[in-house]
Every structure is written in structure tokens, then in C-alpha cells.
Amino acid sequence: KQQDYGYLELVRCAFVELLILTMRKIGKKEYAPEKSLEIQKITEDLHIHYKEKPTLQAYAHKLGYSVPYLSAKFSQEAGTGFAEYLQRIRLERACHLLETTNLPITQVASAVGYENIKHFNAIFKQKFQLTPREFRAIHR
């Protein structure tokens, strides 16, 4: 509806990102081993408790593993580091809230586990090249 300057480039970039993510997902399915039960439980737990402050140290202690061992195991099986995985979940949830609610940006940040709004804005902009406010305006 609203085609501001650079609209086509933004659409092209989103399309290329979608293609790359799809290619990565297909490639991982072909070559990635199945997740162990421990890593499955951790990833499932992260999808539930992403708002809290889950730490790799807490999971390592709970499972009786060293932090370096669990970190390497998580990275190998999940395809990304623990912090990046948690960040991705939080940003996915934030995008959903920005698209579907009228919550203020500060409440969206808090709802997905970010206490510092400046940190949330910086991470969001780094990931999407847009501020949360710009993202909301485009995706509404």
C-alpha cells in the first residue's frame, strides 16, 4: 500500500534472506545429526522459558556436564550457540508481538526477556536492520 523510497530493495532483501534461511534449513537436515535427548529438552525448555534468564551454566549443572562440554554439544547439535539460539527465540517472539499487538516497545522488550530497552533496540536493529518501531510500521 505504502511504497516509500527503497521499498523494492527491502522486499528483495527479505526474499533473499528467506531463500538463504531455507537453504540452510535444508542443508542442515541432510547433514545434521539428530539432537540428543538432552539438547531436545534444553531447546524445548528455552521455547517455554525464554522470558526468564536461562543460562547454559544452569543447564550444565542440572545435567551434570561441564559448561564447555555442553556448549560444544549444544552448538554442534543445534547448529548455533546457546546465546544466539535464545536470542533468536526472543526476537521471533518480539516480532510476533510487534505485528499483532499495540504494546509499547518497552513492554514488548520486557515480555520477551530484555530488561534494557537500549540493548533490545540495538540487538533488534543489528538483526533486522530496522528499529522495532520501523519493523512494526512495515509489518502492520
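The values are calculated or read from the model by the stated rules, or taken from the named source; none is laboratory data. All figures in this text were calculated on a predicted structure; none of them were measured in a lab. Note that we place each Cβ from the backbone using ideal geometry, even for glycine, and neighbour counts take in every protein chain shown. For accessibility, only protein heavy atoms count, side chains too; no ligands or nucleic acids. Shrake-Rupley method; radii C 1.70, N 1.55, O 1.52, S 1.80 Å.
Of note:
- Phe128 vs. criteria modelled with pLDDT of 95 or more and either out of contact with any Cys (no Cβ under 9 Å at 6 or more places or on another chain) or within 30 Å of Val11 (Cβ to Cβ) (or both): no
- Count of residues meeting criterion [surrounded by 14 or more Cβ atoms within 10 Å (Cβ to Cβ) and either more than 22 Å from the chain's Cα centre (by Cα) or part of a loop (DSSP other than H, G, I, E, B) (or both)] in segment 64-79: 2
- For segment 38-55, a tally of residues being in a helix (DSSP H, G or I), open to solvent by less than 90 Å² (accessible area, probe 1.4 Å) and under 19 Å from Val112 (Cβ atoms) returns 6.
- Residue match in segment 118-127 (condition: in contact (Cβ under 8 Å) with a residue 12 or more places away in the chain, open to solvent by 30 Å² or more (accessible area, probe 1.4 Å), under 29 Å from Asp4 (Cα atoms) and not small (Gly, Ala, Ser)): yes
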